[in-house]
Amino acid sequence: ASIIRLTISYLRLHEFLSHGDPSWPNEINVPSRKQAFKLFNADEASQLLQSLDGFIFALSSDGRILYISESVSSSLGLSMVEMTGNFIFNYLHEDDKKVFADALGFELLPPSSPTTSLTMDLINSANNDADLLDLPPDQCPRMQAPIDSSRFNKKSLCVRMRSSLTKRAPNMKTPGYRSIQIIGEYRWLHPDYRRPSNNGDYVLGFVGTAIIPNLSPSQNEFPIPEHQNVIRLDENLHITHMDDKLQRTLNWNLTYATSSLYLYVHPDD
């Protein structure tokens, strides 16, 4: 099963590279390629990944990991071979799956579709997806993004990913997970490969860098004092999350989470 999974990932990665905009690698002649290897050899390329406190990865439009650098083993203690071909949702904290899905534009199928419940289960699944590799593409959630606006291309968010390096920290609120910052952008289908049958769905996937905060193990989590509260807002300053302390203090409820923050701020402020 692992050989089949890695083989499929390799074939999809080849399409991801060659059919994207721009195409990777670009067409260059043999002499210039040899000259490039002399100036920038493989050892120097590996040193760039070693200097990065994190790892790089590439996702397909349905959320499968097409490529992830070997530095994930030193960052999260996970194997590159085991992660390649699996859904990235399997390695996210349960509370961060929806945050990640919303940020990258994973939209559920219409309620009338018989596969909606399957899509929900797929996103919320925390198990290994070796038995999900045979799912048809139309039964998987896919990235959605407007191609006419470049401001939707860049993404930056913080999530918790599964890690075998933090399981020996019983004082942490989320043992077995590590906080990372993801910075990346969509990869679009090249105009030469766009067809009317795509129905405007030109997102090939996502290319990102995961950065590990440079903190000691004792500072991996910061406790919030009782007099402080946490509110999470989207780009329009709409409330997407509020902690329980704030709900008790201001007598707010979950219905406030769909409103704009401006409605609850004094006009002079």
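Provide the gained length on full extension for the span Glu185 to Glu235, in nm with one decimal, where the gain is 0.36 nm per separating residue minus the Cα-Cα distance.
On the way: separation 50, 0.36 × 50 = 18.00 nm, distance 1.66 nm.
Residue separation times 0.36 nm, minus the Cα-Cα distance, leaves 16.3 nm.
With each label modelled as a point 7 angstrom along the Cα→C-beta vector, the Asp102-His14 pair spans 4.0 nm. Between Asp243 and Ala1, how high is the FRET efficiency from 1/(1 + (r/R0)^6) when r is the Cβ-Cβ distance and R₀ = 41 Å? Nearest 0.05. Approximately 0.50, to the nearest 0.05.
Read the figures in this text as sums done on the coordinates, not as results from a lab. These numbers come from a predicted model, not from an experiment. Backbone-built Cβ (ideal geometry, glycine too); neighbour counts: all protein chains shown.
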